Amino acid sequence: MHIGTNISTPISIEGRTIEEVNDFVYLGCVIAKDGGTNIDVSKRINKARPAFFRLNKIWRSSKVSNIHKLRLFNTCIKSVLLYDCETWKNTDGLINKLQVFVNKCLRRILRLFRAFLHCGLDYAGPVPVRLNSGRGYKSQKAYIGVFVCMTTRAIHLDLVSDYTTPAFLAAYARFCSRRGMLTDLYSDNAKNFRGADRELKAAIHTAKQDSNLRSKLSCDVVRWHFIPPSAPHFGGLWEAGVRSVKYHLKRVIGSHTLTFEELTTLLYQIEACLNSRPIAPMSDNLDDYSCLTPGHFLIGSALTTPPSPTLLETKETRLTHWQLVQQIWKAWSNDYLTGLQQRSKWRIAQKLARVGRLVLLRDPLAPPCKWELGRIIECHTGDDGLTRVVTVKTSKSTYKRSIVKLCFLPVDLNETST
């Protein structure tokens, strides 16, 4: 192939003559005889035009709403137009720092027997409360303990007097009396939760030493899991529960102050409202309008079920009862559980964290031109082999942070050297 000349002299390399061609492929593009790529680009544009012509029926259709058109543009077309540009690289780099999401409850679902075996815990508030109505009674701060079942999404609410460890231990005892013992408890790093964890472990250790209580002690010890500091997205399940509770609470009482009995009654009603939300249909029958709710796993039926005729005279065997219970779990595992497996983000695993790498700690309160740098000294790997939490050592102290709170430098010396 020759460009800009009519003379073509054969070229030989190690005794082998290179044949003359009219075009060739270089870096995925077809280089024409004149040395340009206009022909290749024109072919690609011509192939793309029929696809855009087929989309014209959607853009000009009056049957499709603008919301669906915008959703189609954002998911399909924008990614193609912006691919590999500077905006795409910056946005994609921030998103990829979040590791692939793993729903651990899906692996434990086949050996679950009831709700509230695996719970997430958080506090909502503070909310003002009075001991009694009338004048002369001052209001004080109280908190709402939100227990969320990580399997069935059922919610348990309890009013806590203060933010101390003894108050939480009392709320925990009330929870276990109403919902039963749990096996795993997930929460953030609040001081009252840390203190409760230490006191529960000390109480269990003391009970094990007593021969009289050893036979009465439960064989399953509660495992308390704490999410890393400054990483609330690790507890998105109970954060969503707190948001739902605040949504109903603010729209009912606004800025009013209730008594202890009034607020407790209202919290139980909000709990029933949240546990009655539909999550999956009971069947595919067109005449069946019943749905599966978290309340089915608590009492066997919906919490807001309308009055029905008595069934005391109906003979029901024990086998029929357990068949109905298994039907509820089967409908939930086949319909609702499959919806949890669909993930729209956090599907790409990034191996950015390694021991010895220099990182920047994100601090929104840091002054201008102040960069807090640190070295990763330990990577905390999860059950799936991915690292989401690391221990960073700075010139001041050592911190345990999520990789979302870190900024990795664009150039890594180890990667460039290799």
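The values are calculated or read from the model by the stated rules, or taken from the named source; none is laboratory data. Keep in mind that this is a model prediction, so the values were computed, not measured. Here Cβ is always computed from backbone atoms with ideal geometry, including for glycine, and neighbour counts include all displayed protein chains.
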What do you reckon, is G300 surrounded by fewer than 16 Cβ atoms within 10 Å (Cβ to Cβ), of a type outside the set (S, T, N, Q), within 25 Å of N132 (Cα to Cα) and modelled with pLDDT of 60 or more? no
Inside region 167-270, counting only helices (runs of 4 or more DSSP H) that do not spill past its ends, which hold 3 or more residues that are at pLDDT below 85 and under 30 Å from the mean Cα position of the chain (by Cα)? 191-209, 236-253
Of the criteria (1) at pLDDT 85 or above; (2) exposed (fewer than 12 other Cβ atoms within 10 Å of the Cβ), which one V389 fails: (2)
